[in-house]
1. Of the residues in segment A:124-138, how many are within 7 Å of another protein chain (Cβ to nearest Cβ), buried (at least 24 other Cβ atoms within 10 Å of the Cβ) and either closer than 18 Å to residue A:201 by Cα or touching a strand residue (DSSP E or B) at 6+ places or on another chain (Cβ under 8 Å) (or both)?
2. Return the only residue of A:46, A:38 being assigned to a helix (DSSP H, G or I) and touching a residue at least 60 places away in the same chain (Cβ under 8 Å).
3. Mind checking which residues of segment B:27-50 are within 7 Å of chain A (Cβ to nearest Cβ) and part of a helix (DSSP H, G or I)?
4. When you scan segment A:235-245, how many residues do you find that are assigned to a helix (DSSP H, G or I) and more than 28 Å from residue A:27 (Cα to Cα)?
5. Scan segment A:180-197 for residues that are more than 9 Å from chain B (Cβ to nearest Cβ) and assigned to a helix (DSSP H, G or I) and jot them down.
6. Collect the residues in segment A:202-234 that are in a helix (DSSP H, G or I), farther than 23 Å from residue B:38 by Cα and more than 9 Å from chain B (Cβ to nearest Cβ), keeping them in residue-number order.
7. Across segment B:51-63, which residue is farthest from residue A:129 (Cα to Cα) among those that are part of a helix (DSSP H, G or I) and at the interface with chain A (Cβ under 9 Å from one of its Cβ atoms)?
8. When you scan segment A:144-155, do you find a residue that is touching a helix residue (DSSP H, G or I) at 6+ places or on another chain (Cβ under 9 Å), at positive phi and away from chain B (no Cβ under 14 Å), even just one?
């Protein structure tokens, strides 16, 4: 992806952020582990579309999302169960439940396909939130790259307390040996490990946006804002998202 | 929570209510309220408010800081969805270390805390 990013930004954007967003866009356009490049871009496009969905807005305002029936306003490209996953993650993440996740699996979406959807949606959310925050248009996503998904499920992923199987730190060997780069590896870093490339992608984004994983426990690490300022922002965002973790 | 830990390391006493409540001042974090107001505006829907809050960050901390703040807001807006969509439990070490804090801030009452 050679197009310049953030040239219209009112302030200079760090080169590592621009670089990681270019890599993220490239990843979105290429075949993943379970979805083609075309499908991954369709997921990203549907995530952007979800912001204008009136069903999602009604559900968000309701005491319980399950109290509101209806059809999502979708782009009409992806199957309805996939659209629901995308819209729910994007618009009302704080009220996702294990029961809902089991319904997702019952609808025919595999756990691996689901985890990759989460990875794609989150990648888009990170880039689009950044664009909104600094006051520039969202990135125009590139065209799809042809290719087939690898369809490799990591043998070491196991179902533990999370809803989805994850790879334990001690089991990250062989092809997954590079997955975790810090002595302290929290569940947030393992969460998408059923699709290891989504972990790699999120780690790449986190290193530029926040703190490199090997510096997470170094509370003296800083950028132009201090670590306490960074942690205050992180905590406030999580509170606004009703994120317990 | 790493805000509390960073305060302990630097011998500063941060008011953790700044994480979950509005209008509680900076809480001991320089320009804390400017930053949290910016985060709220980014996650909100009022574009004019966002512009004002963005300008406040730039005016008080500089353009580079605004970009760094935007970056943190963005990655955690993503990370929160990863956590909520995968049902990951709190790490054992954090669960023990934050018992009192979670009670004090009401975090245990979040829907996502049930993890069911």
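1. So the answer is 3.
2. Every option except A:38 fails the conditions.
3. B:32, B:35, B:36, B:39, B:40, B:42, B:43
4. 4
5. A:189, A:196, A:197, listed by residue number.
6. Once the filter is applied, which keeps residues that are in a helix (DSSP H, G or I), farther than 23 Å from residue B:38 by Cα and more than 9 Å from chain B (Cβ to nearest Cβ), segment A:202-234 yields A:203, A:204, A:213, A:214, A:215.
7. B:61
8. Within segment A:144-155, one or more residues are touching a helix residue (DSSP H, G or I) at 6+ places or on another chain (Cβ under 9 Å), at positive phi and away from chain B (no Cβ under 14 Å).
The values are calculated or read from the model by the stated rules, or taken from the named source; none is laboratory data. As the structure is a prediction and not an experimental result, all values here were calculated from the model. Heads up, the Cβs are rebuilt from the backbone with ideal geometry, glycines too, and the neighbour counts pull from every protein chain shown.
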